[in-house]
Every structure is written in C-alpha cells, then in structure tokens.
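Here's the structure, in structure tokens; my notes come after.
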Amino acid sequence: MTAEGHLLFALATAVAAKRYDLTPILSAADWWHLIPACLLTSLLPDIDHPKSLLGQRLRWISIPISRIFGHRGFTHSLIAVAIGIFLLVNKLPADLFIPNDVIQGMVLGYLSHILADMLTPAGVPLLWPCRWRFRLPLLPSSKHPQPERYFCIALLTFAVLTPESLTKQWIALGSQQVNQTWQQWSPLFSGLTR
C-alpha cells in the first residue's frame, strides 16, 4: 500500500474508533490529539523499507532495519506492536507527559498500517518470526494505487457518514457472536491445559 493509502486508512480508522467507541479513552479523545497521533505512526512500520516515505527521510535507521529484517518483517508483526506499547507506557521519561488518548491514537495508527497491509496480496507476518503471512487480499498491489485510493476514501466516507446507532448495532451483533463462539470453544481449550 502507498503512503497516501496508509494515511487515508489511518484517518478512517481514527474516525471510526472515536465514533464507534472502540475504547472508552478513544471515544472521549480530543480530535486534535487523536488524528495527529494516528497519522504520526501510520507510516512507521514501513521504516523497514528504505524507499518508503519515512525510510527515505530516516535512511540511517531504515537501511539497517531492512538488512536485518527485510520489508514487511518484524515491523509488521504483533511483537513490534507489543514492544512499541511497552516503550510508550514504561520507558518514556517521567517528566514527559503524553495523554492517554495520544498513546492510544499512536497504537491505533500503527495497527491501522498493519491492517491495511493485510488487505494486499503480500499480507503481513503477524506472528513473526514465523513466516506465515496473514492476508485478506481485497486490494491489488501498490503498482495500481487508484483502487486503493478509492477504497480508502470510501472507508473514510463510511466512517464519517454511517449513523452511530446502526454501527453500534453491528458491533453488538459481532460481540454477541464472538461471545457465543468463545462459549462453544472454551471447553476445548480448558481440556488442553489440564
């Protein structure tokens, strides 16, 4: 996905997360905190690609990461997300105050990048170092940016214009289905731990 696509996708994700109450902090977030924080980190996973928008500006970081992990490797994994959250929460100087909505916006931006790359044929290695690629290839490769642009603009339009009550009903139905599935499968998992 292109940098433009990632920025539009992150914007749509931020709008949807706030409007549809993804977390209590995000639902109460200040738009001036959430949007910049989300956009700031939405390009960060591509630091592993020296020709990316961010990689071109930070070559001294991008080239070593690219040589060690390759493109769409470690930086596109859940391990990278967990390390980033740990560093944001625990390793910042005590006198540096970052509001919780900014922290959650930064995590959301990073995750939006990974989710957007999952929509391409190449997918992402969520469970890195395991080489499995997770993908739901709804978009063509980034050599054809028009469908990507239209998809992201449509997603942003949907996030802005869909009535909150309708979306909350969809989320409630999805949540009920997840709970029912968990109740059906949890006996299987409890049998494994004995």
- Task: Check region 31-48 and report whether any residue there is in contact with a helix residue (DSSP H, G or I) (Cβ under 9 Å, 6 or more places away or on another chain), among the acidic types (Asp, Glu) and closer than 23 Å to ALA116 by Cβ.
- Result: yes
- Counting only residues in region 85-110 that are without any contact (Cβ under 8 Å) to a residue 40 or more places away in the chain and either under 14 Å from LEU43 (Cβ atoms) or among the β-branched types (Val, Ile, Thr) (or both), the one most open to solvent (accessible area, probe 1.4 Å) is identified as VAL89
- So the helices (runs of 4 or more DSSP H) completely within region 3-67 holding 1 or more residues that are basic (Lys, Arg) and either under 23 Å from ASN100 (Cβ atoms) or open to solvent by 70 Å² or more (accessible area, probe 1.4 Å) (or both) are 3-19, 53-57
- Go over the candidates ASP30, ASP21, ASP46 one by one and state the one that is over 30 Å from LEU173 (Cα atoms), of a type in the set (Asp, Glu) and in contact (Cβ under 8 Å) with a residue 40 or more places away in the chain. ASP46
- Query: Only one residue in ALA122, ALA80, ALA116 is closer than 18 Å to HIS49 by Cα, outside any helix (DSSP H, G or I), modelled with pLDDT of 85 or more and of a type in the set (A, V, I, L, M, F, W, C), so which one is that?
  - Reply: ALA122
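The values are calculated or read from the model by the stated rules, or taken from the named source; none is laboratory data. Keep in mind that this is a model prediction, so the values were computed, not measured. Every residue, glycine among them, receives a Cβ derived from its backbone with ideal geometry; neighbour counts consider all protein chains shown. Heads up: the accessible areas ignore ligands, DNA and RNA and are worked out on the full protein's heavy atoms, side chains in. Shrake-Rupley method; radii C 1.70, N 1.55, O 1.52, S 1.80 Å.
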